[in-house]
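What follows is a set of notes on a single structure, which appears directly below.
The values are calculated or read from the model by the stated rules, or taken from the named source; none is laboratory data. Just so you know, these numbers come straight off a predicted model, no measurement behind them. Note: ideal-geometry Cβ built from the backbone for every residue, glycine included; neighbour counts use all protein chains shown.
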Amino acid sequence: MTLSTFLAHQWHSFWRARNANKSLALQIILGIFYLLIFIEIAGLGILLPYLIKESMPGKDPIVLFCSYIIYYFLVGLLARFQLQELPSLSIQPYLTQNIKRSSMLHFLNVRSLVHVINVLPFFVFIPFSIVVILPAYGAVATICFLISMFALVFNNHFLNMYIKRKSVDNSWWFFAVVAAIAILKGADYFKLISFEKSSADIFIGLLHQPLFCIIPLAIAIITFVLNNNYLRSHLYIEELVSERKLTISKSYSLLDRYGDIGEMISLDLKLIFRNKRPKSLVILSGVILLYGFMFYPKYLQTGNYTMLFLFALIITGLFISNYGQFLFAWQSSHFDGMMSYNINMKQYIKAKFLLFVTVCSLQFLIASFYGFMGWQIIPIQIAAFLYSIGVNSFVTIYAATYNYKYLNLSKSASLNFQGIGALQWLQSLLISFGPVLVFFLLNKFIGFWTAIISISSLGIIGLAFNRKIINWLAEQFNIRKHKILEGFRER
Amino acid sequence: MISIKNLQKSYKGVKAVDIDTLEIHAGEVIGLVGNNGAGKTTFFRLLLDLIRASGGEIFSKGNLVTASEDWKSYTAAYIDEGFLIDYLTPEEYFYFVGKLNQLSKADVDDFLQTYQAFFDDAILKKGKYIRDFSKGNQFKIGIIAALLTNPELLILDEPFANLDPTTQLRLVDMIKQMAADKRMCIIVSSHDINHVSEVSSRILLMEKGKIIKDIAGGEAAYDEMVEYFKVK
């Protein structure tokens, strides 16, 4: 069993995944999307020195670049916590085969390296080094500089893996590292130490004394060996994947009073808080609430109400589109059950709608504090809120009846396109830009209040006819029920 | 209870289920047997309206299962893990299913009390989510949740396959008792011809989607099945 066989199996598992080949168009769109990102980042690497020269004349681009390297790697490490998963489970079928442990270790290490986050840095470092460092410091220094950068990427990669594996044993490892980074950043903020200065000193020094690149290289090797040794002694499935915590059973007793519908809403809440992927989506919706601080002041100043409306729509309605695009798919692993329990479809749809209303109202209430920034925020957010619950919620439920793809709840959400079809992309575009366009036109040609009142009325009309719409949605759902069930059964 | 007319389900031209007429009555325990691919699970899914039939009709108490949702109030089923909400604890799951059938928490607790032996102390108050239980215990949870609603029609797909011997024997007794006491209509599929001939009052033998034998349960049925399944 060689490494190439392992990798070939991984290749098959990627392309033969049930959902992978289904929509070629989506694959191509995603491919183009990734390609564009790569080109942009490579372009950034080349253009960086010119950008620096133009925006900050008098500063040496190399010094400026070097002063941010430490910062970059620390942020990179945090990003890796989020984005990179341990590729442990993929070895499960091999553990009982006649394969040497060392080749399995080898596979785990190599397999983990295949990740966007390991490829991206090179698109910045290589062009930058060739364009800027090569003319100034010569070939040897450039090569050594690149070796150090590669070593540090490598080090970050295995450090992340090591910390993650350690946190499987003891989750305090993770918090300790995050806390350490936070303290360093704090010290930097209060000018006790300076990331920028030390970073510049170290890496400019490196350019003058290229042979010191053996230090980062040594650090990377040490991390690799640490990680490897840890893996070697823990090559058991139960030790590689995180142990599930004991249940802290929360009951939403308030919801008990609302009968079957309350029961179903509390089921959705449990789904959200007990599974990785929906939980991270909801946390994201919470973080988005902070967008107001970043964007509102700017657009308030320029009086750009359309942009204010766009952000109000995102802030109050993100949960609906985020959670709603997989509305039924979240339950795909037990949808056979959901469809044979004693649940009336109208109630089922109604419960989903009420969940949207509840969470959206919560977001709206919190976001109302932005009213202190300027009174215009209040009517704009009311319009966005009413539109979200009165129109978007129904559109989202309708679109969800076309989502036939199984979803794994335990996979992390970032960069995870499982279960997303072309329709969902279209839907997110429509939901965010449709009303914004209407608002823009009305605001521009008639007036601010007309725009506000029109958008709000659309929402109110939707709410007023909610019973009719829900009944219609239940019919639509029943038409496609078997197709949804069939899709969800294909894992 | 159940009445079937010209029921057909085909996948890519191959008929997975093809039943001309079939009547199932309250109080009957139907044992559905047949080798893999005979169409047992497909038949169950059709009964529960989880897949769309290619042709024909299923009436449950006179109503088309595809048209009315009434059957849900008196039907319970456990086919596979797809019926379990795996991020709930067993208790939460039982309360959930109970609530949908107008049972209070106290009702559910009483019910669970009577089935303590069945659980063998391995399921309740363990502080674990269903997804963290072993396959066999998940199966127990699913079966108990199906019984909990006190259904008139109970559908179990290969209930003996994933249970330990003690629980298998216990389940045999439970099925017989429920059919007799409550006139429950129970449909079980199984590969265990021993158990199935013991619990069933009527045995349906499926082959390539068709019901080729419709015989009374008991010793004679066992012999007939041995004859059929014997390696030729």
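Structure data summary
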| quantity | calculated |
| --- | --- |
| Residue in segment B:82-104 that is modelled with the lowest pLDDT, counting only those that are farther than 17 Å from B:LYS72 by Cα and more than 9 Å from chain A (Cβ to nearest Cβ) | B:SER104 |
| Scope segment A:365-393; condition among the aromatic types (Phe, Trp, Tyr) and either closer than 21 Å to A:GLY462 by Cβ or crowded, with 16+ Cβ neighbours inside 10 Å (or both); matching residues | A:TYR370, A:PHE385, A:TYR387 |
| Residue satisfying condition, being surrounded by 21 or more Cβ atoms within 10 Å (Cβ to Cβ) and either among the basic types (Lys, Arg) or away from chain B (no Cβ under 14 Å) (or both), within set A:ILE320, A:ILE349 | A:ILE320 |
| Number of the exception - B:MET206 against (1) in contact with a helix residue (DSSP H, G or I) (Cβ under 7 Å, 6 or more places away or on another chain); (2) in a helix (DSSP H, G or I); (3) over 18 Å from B:GLN138 (Cβ atoms) | (2) |
| Any chance A:ILE272 is within 22 Å of A:SER388 (Cα to Cα), within 23 Å of the chain's Cα centre (by Cα) and aliphatic (A, V, I, L, M) | yes |
| Residues located in segment B:62-82, provided they are in contact (Cβ under 8 Å) with a residue 12 or more places away in the chain and either more than 19 Å from B:ASN6 (Cβ to Cβ) or of a type in the set (Asp, Glu) (or both) | B:TRP71, B:SER73, B:TYR74, B:THR75, B:ALA76, B:ALA77, B:TYR78, B:ILE79, B:ASP80, B:GLU81 |
| Matching entry among B:LEU124, B:LEU112 (being outside any loop (DSSP other than H, G, I, E, B), of a type in the set (A, V, I, L, M), surrounded by 14 or more Cβ atoms within 10 Å (Cβ to Cβ) and more than 11 Å from chain A (Cβ to nearest Cβ)) | B:LEU112 |
| Residues of segment A:240-268 classified as modelled with pLDDT of 75 or more and touching a Ser or Thr at 6+ places or on another chain (Cβ under 9 Å), total | 2 |
| Test: residue in segment B:88-104 that is among the polar types (S, T, N, Q), free of Cβ contacts under 8 Å to residues at least 12 places away in the same chain and over 22 Å from B:ASP157 (Cα atoms) | yes |
| Evaluation of A:PHE369 against (1) more than 30 Å from A:LYS481 (Cβ to Cβ); (2) within 14 Å of chain B (Cβ to nearest Cβ) (one fails), failing number | (2) |
| Yes/no for A:LEU463 being within 17 Å of A:TYR305 (Cβ to Cβ), in the same structural domain as A:GLY303 (by TED's automatic domain parsing) and among the aliphatic types (A, V, I, L, M) | no |
| In segment A:331-340, the residues that are in contact (Cβ under 8 Å) with a residue 40 or more places away in the chain and either at the interface with chain B (Cβ under 8 Å from one of its Cβ atoms) or surrounded by fewer than 23 Cβ atoms within 10 Å (Cβ to Cβ) (or both) | A:GLN331, A:SER333, A:PHE335, A:ASP336, A:MET339 |
| Filter result for A:ARG232 (surrounded by fewer than 18 Cβ atoms within 10 Å (Cβ to Cβ) and modelled with pLDDT under 85) | yes |
| Filter result for the condition that a residue is facing another protein chain (nearest Cβ under 10 Å) and not in a strand (DSSP E or B), over B:ALA38, B:ALA26, B:ALA76, B:ALA53 | B:ALA53 |
| Unmet criterion (only one of (1) at positive phi; (2) touching a Pro at 6+ places or on another chain (Cβ under 9 Å)) for B:PHE133 | (1) |
| Flag for B:ALA220 being out of contact with any helix residue (DSSP H, G or I) (no Cβ under 8 Å at 6 or more places or on another chain) and either assigned to a loop (DSSP other than H, G, I, E, B) or on the phi > 0 side of the Ramachandran plot (or both) | no |
| Helices (runs of 4 or more DSSP H) enclosed by segment A:385-491 - at least 2 residues per element that are within 14 Å of another protein chain (Cβ to nearest Cβ) and at pLDDT 90 or above | A:466-489 |
